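Read through the structure below, which is laid out as structure tokens, and then see the notes.
The values are calculated or read from the model by the stated rules, or taken from the named source; none is laboratory data. These numbers come from a predicted model, not from an experiment. Cβ placement follows ideal geometry from the backbone for every residue including glycine, while neighbour counts extend to all protein chains displayed. Protein only, heavy atoms only, side chains kept; ligands, DNA and RNA dropped before computing areas. Shrake-Rupley method; radii C 1.70, N 1.55, O 1.52, S 1.80 Å.
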Amino acid sequence: MLSELYIENIAVIEKAGISFRKGLNILTGETGAGKSIVIDAIHAVLGERTSRDLVRSGARSAFVSASFEELPGQVLEKAGELGFCAEEGQLLLQREISAEGKSSCRVNGRPAAVSALRELGRMLLTIHGQHDNYELLSPDLHLQYVDRMGDAGGLLEEYQKEYRAMEHARREWEKLQIDETNKARRIDLLQYQIEELERAGLRPGEQEELTAQKTLYGNSEKVSASLAEARARLEGGEEGGEGALSQVQAAAAALQEASRFLPALGETAERLQAVSYDLEDCQEALRDLSSQLEYDPEALEQIEERLDLLYRLGLKYGGTEEKMLEYLEQCRAELETITLSEENAARFAAEYRAAKKRASHYAAQLSARRKEAAAQLTNRVQEELRFLDMPNVRFEAEQLPCELGPSGADKLQFLVSTNPGEPAKPMAKIASGGELSRIMLALKTVLASEDVVGTMIFDEVDTGISGSASQKVGRKLRQVSKSRQVICVTHSAQIAALADAHFEIEKKVSGGRTYTSVRQLSMEERRTEIARMISGPDATELALQNAGEMLRLGQSV
């Protein structure tokens, strides 16, 4: 059960701590006081999606913590699987939300992912709000309720696995169903493209190499002249002048001779000698390059023709050799697929039929399970509706066969008849808001008995009802609270009078800022609050007496 809830800087709540009790806990307050903010805070600490707008204006962050105790073994086991030690059967969930929208979470003091809060939260607490009533109008959710009642989750997973395999095989089979004319035309085109690309003998980087060679050949005269000048300056001219190499060698020899008398010159002589060796290497390199540099008009023509071919292929199949080779592989793969299409089509057809047979087998089991669960669910909901002062309402589940789909081979929806002798019809056409509230309460009560959740929160479950109907709803909540903790936000005095613990949510304005506080009421304060709920802020003595009588009777239920 939820024992402690602490809220800080959530909307208009600056700080609030609530110590919930076992049994039926009631939250009341005037419209706009902040009751929904408490529910939003619980949603946040259970890992649900939040917005930075939830953070109180001017605050750097918001913080919520929820302490749970007396937890069942399944919850403790799940906490252990997620890596959290639940000492003495307790869990503390915490979440901080920054004004920038980022959040950090902890479980029993250890950092946790939001998904861990969400996974644990689903086993700790369920929240049923006003919007849940509209779930009853969606047949898609009706099927989920029946599957939950029949514990059909594992069977549904097996079915969906085979259904996905069936759909995959069907899609692949359909891809291969092309007519023979289109097939032959595509094969001819692919064969031509493959032959053209293979004949070209493509090599990555070839265009870049050929372009460099073409540039060199186009400037061969300039290169030759530059090489000749460089060699002349190193080796010397034909007139007998010495080149740079001879002069450096001579300088090195002169310094070497002088170093016999001035040893400090030895190092400089050695450096000049090393320079002469480098110059000799340069001289040899220039000789080799000069011998290789021969202008060949025929080679230049071949280069230009090759570049032109690569350019034309690039326009058709991709700008670079890499892209053209990638396209070649794609063509080969597609040709192989089409060539083997008959064989592949037969294989996928066989896979489709086999998966459909298995899926149909599981679908039949699901249908039988759902039929049994639907009968059990409707009978129990019918009992709850009689308790909720709706004895003439007939609640049914219509189950019809359909083609295999993601959820099986069943179309299922809830039907209701609110008047004797009238045929049952979809609830969207029959039920009023108040009737939907009670039907949803009955349904949630039945389903809650099938899970381990220890706390149920009802947010204004009394919407659209009053009088004896409210009294019945309150008694049902009181009855449910005997086996699990119930927290209810309500505007109904009849429901509030049945509480084991009554909390008032009050909004005040101080210093130009709005503040919301939450406090547990004493018995006398409860009498005053219930009187306000009956007659408004200026409660009469008669209203106070009526409230006192309601409290006395409520404690005896």
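Summary table below
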{"quantity": "Dimensions (Å) - the stretch 438-511, Cα atoms, principal axes, largest first", "calculated": "50, 29, 19"}
{"quantity": "Set Lys161/Lys183; Lys35/Lys472; Lys22/Lys411; Lys444/Lys508; Lys102/Lys476 screened for pairs whose C-alpha atoms are more than 31 Å apart", "calculated": "Lys161/Lys183; Lys22/Lys411; Lys444/Lys508; Lys102/Lys476"}
{"quantity": "Loop-located chymotrypsin sites (Phe, Trp or Tyr not before Pro) in the stretch 238-345 whose Cβ has at most 15 other Cβ within 10 Å (DSSP)", "calculated": "Phe261, Tyr295"}
{"quantity": "Rounded percent of accessible protein surface that carbon and sulfur make up, the stretch 1-111, 1.4 Å probe", "calculated": "43"}
{"quantity": "Set of aspartates and glutamates near Lys175 by C-alpha distance (under 14 Å), chain-local residues within fewer than 8 positions excluded", "calculated": "Glu167, Glu334, Glu342, Glu343"}
{"quantity": "Helix axis angle, 153-175 relative to the chain longest principal axis, alpha carbon, degrees", "calculated": "40"}
{"quantity": "In the stretch 18-101, the chymotrypsin sites (Phe, Trp or Tyr not before Pro) that fall in loop regions by DSSP, at most 10 other Cβ within 10 Å", "calculated": "none"}
{"quantity": "The stretch 8-140 - accessible surface per residue (Å², probe 1.4 Å)", "calculated": "49"}
{"quantity": "Inter-label distance for Arg148 and Leu307, nm, one decimal - labels placed 7 Å from Cα along Cα-to-Cβ", "calculated": "7.3"}
{"quantity": "The stretch 479-557, Rg to Rh (Cα coordinates; Rh as Kirkwood inverse mean 1/r)", "calculated": "1.02"}
{"quantity": "The chain: angle of helix 541-555 to the longest principal axis, Cα-based, in degrees nearest 10", "calculated": "80"}
{"quantity": "Sequence-separation-based contact order of the chain, relative, with Cα cut under 8 Å and 6+ spacing, percent", "calculated": "23"}
{"quantity": "Calculated [θ] (222 nm, deg cm²/dmol) that DSSP helices of n ≥ 4 give over the chain, each run adding -39,500 (n - 2.57)", "calculated": "-18500 deg cm²/dmol"}
{"quantity": "Sum of side-chain charges, Tyr362 neighbourhood, beta-carbon under 9 Å (Lys, Arg +1; Asp, Glu -1)", "calculated": "0"}
{"quantity": "Approximate shape of the stretch 422-557 as ellipsoid semi-axes (Cα gyration tensor, √5λ), whole Å, largest first", "calculated": "28, 18, 17"}
{"quantity": "Reciprocal of mean inverse Cα separation for the chain (Kirkwood radius, Å)", "calculated": "32.4"}
{"quantity": "Crossing angle, helix 341-387 versus the chain [Cα axis fit, 0-90 degrees, rounded to tens]", "calculated": "20"}
